[in-house]
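This report concerns only the one structure given below.
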Amino acid sequence: MAQAQLGVSFGEFLDRFVKAVSVTAYMIGIGKAPVFAAIIAAVGCFQGFGAKGGADSVGRQTTRAVVQSIFLVIVTDALFSIAFSALDL
């Protein structure tokens, strides 16, 4: 995308990426992603098992799952931020 949209070569992108993003920030981001994925999957499964009846119930449970997932991911990210701040990361 960097090459197609901005005319930045792959080598130049990697050079800039290493300078712009610290290894710690990269590893924190990589570490948080599976936690967020697990939250989204757990909420989706929990709400999916609560669907009863017809398509109306499925739509209602899907909406609940999306709203709850977004809320929990934001809260979890805030908790990560507090923990990483306390650890000076």
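The values are calculated or read from the model by the stated rules, or taken from the named source; none is laboratory data. Treat the numbers as computed from the prediction; the structure is a model and nothing was measured. Don't worry about glycine lacking a Cβ; one is built from the backbone with ideal geometry, like all the others, and counts go over all protein chains shown. With ligands, DNA and RNA removed, areas are computed over all heavy atoms of the protein, side chains included. Shrake-Rupley method; radii C 1.70, N 1.55, O 1.52, S 1.80 Å.
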### Task
Whole number please: convex hull volume per residue, Cα atoms of the chain, in Å³.
131 Å³
### Query
Between the helical axis of 55-86 and the dominant principal axis of the chain, each derived from Cα atoms, what acute angle in degrees is found, rounded to the nearest 10?
40 degrees
### Message
Please compute the per residue accessible area over region 1-62 with all protein chains in place, 1.4 Å probe, rounded to a whole number of Å².
### Response
75 Å²
### For region 1-41, alpha-carbon Rg over 2.2 N^0.38 Å
1.56
### Computed accessible area, V43, all protein chains, 1.4 angstrom probe, square angstrom
20 Å²
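Give the carbon-plus-sulfur fraction of the accessible surface of the chain in %, rounded to a whole number; probe 1.4 Å, heavy atoms of protein chains only. Provide the component values of the computation, followed by the final result.
Working: 4750 of 6680 Å².
The C+S portion of the solvent-accessible surface of the chain is 71 percent.
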### Summary
In degrees, nearest 10, the alpha-carbon axis of helix 10-20 is tilted away from the dominant principal axis of the alpha carbons of the chain by 80 degrees
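Tell me the mean residue ellipticity at 222 nm calculated for the chain from its helices only (DSSP H runs of n ≥ 4, each -39500 (n - 2.57), averaged over every residue, nearest 500). Walk me through the numbers before you get to the answer.
Details: 3 runs with 70 residues, N = 89.
Mean residue ellipticity, 222 nm, calculated: -27500 deg cm²/dmol.
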### Query
Tell me, what is the FRET efficiency for C45 and L87 to the nearest 0.05, using R0 = 35 angstrom and their Cβ-Cβ distance as r?
0.65
## Note on the structure
Rounded to the nearest 10, the angle in degrees between the Cα long axis of helix 23-49 and the longest principal axis of the Cα atoms of the chain comes to 10 degrees
